[in-house]
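The values are calculated or read from the model by the stated rules, or taken from the named source; none is laboratory data. This one's a predicted model, so the numbers in the text were calculated from it and none came from an experiment. Cβ: placed from backbone, ideal geometry, glycine included. Neighbour counts: every protein chain shown. Please note that ligands, DNA and RNA were not included when accessible areas were found on the heavy atoms of the full protein model with its side chains. Shrake-Rupley method; radii C 1.70, N 1.55, O 1.52, S 1.80 Å.
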Amino acid sequence: METMGSRIKRLRLAKGMTQEELGEKVGLKRAAINKYEKGNVENMKRSVISKMSEVFDVSPNYLMALEDNEELNSEIEKLVDDRELNKWLYEMIENNPDDLVKLKQMWELMNSKSDK
């Protein structure tokens, strides 16, 4: 089972960030991030949890390893590692950001139909 420290490290690496970069985003030094990742800190401040959750775009409960969705994690990792998909998305964003809005609208429409 994943710990909060290992989850922080995995999320940080998935974003391609160094410990120092994460520290800058949440207002901590690299050494503090290192301690969190190694599990050497038991009482993490709520403000830090909140900031890290925002940086990683996850819920505080997920960050703290209080909830887990292994299947979703696996699918997300596949998407993050899919170079073809990433290339396509970056090209879309650079060349025509309006297409991204249309893509989101299509996704929402597809999800609304599958809910019925």
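For the stretch 33-45, in order, what is each residue's ³J(HN,Hα) by Karplus, 6.51 cos²θ - 1.76 cosθ + 1.60 with θ = phi - 60°, in whole Hz (x at glycine and Pro)?
Along the stretch 33-45, the couplings run 4, 4, 5, 4, 5, 7, x, 8, 10, 8, 10, 6, 5 Hz.
Given the Cα atoms of the chain, and with Rh set as the inverse mean 1/r over their pairs in the Kirkwood sense, what is Rg to Rh to two decimals?
So for the chain, dividing Rg by the Kirkwood Rh gives 1.04.
Based on the Cβ-Cβ distance from E77 to M110, what FRET efficiency comes out when R0 is 22 Å, to the nearest 0.05?
Here the calculated transfer efficiency is 0.45.
Per-residue HN-Hα couplings for the stretch 87-104, Karplus 6.51 cos²θ - 1.76 cosθ + 1.60 at θ = phi - 60°, whole Hz, x for Gly and Pro?
4, 4, 5, 5, 5, 4, 5, 5, 8, 7, x, 5, 5, 5, 5, 4, 4, 4
For every helix of n ≥ 4 consecutive DSSP H residues, a contribution of -39,500 (n - 2.57) applies; sum these over the chain, divide by its total residues, and give [θ] at 222 nm rounded to the nearest 500 deg cm²/dmol. Present the calculation step by step, with values, prior to reporting the outcome.
On the way: 8 runs with 86 residues, N = 116.
Here the helix-only value at 222 nm equals -22500 deg cm²/dmol.
What number comes out for accessible area per residue over the chain if the probe is 1.4 Å? Units Å², please.
Counting only protein heavy atoms, the per-residue value for the chain is 77 Å².
Residue-wise, which Karplus ³J(HN,Hα) couplings in Hz belong to the stretch 16-29, taking 6.51 cos²θ - 1.76 cosθ + 1.60, θ = phi - 60°, and x for glycine or proline?
Those phi angles translate into x, 9, 8, 4, 5, 5, 4, x, 4, 5, 10, x, 10, 7 Hz.
Could you give the angle, 0 to 90 degrees to the nearest 10, between helix 70-81's Cα long axis and the longest principal axis of the Cα atoms of the chain?
Around 70 degrees separate the two axes.
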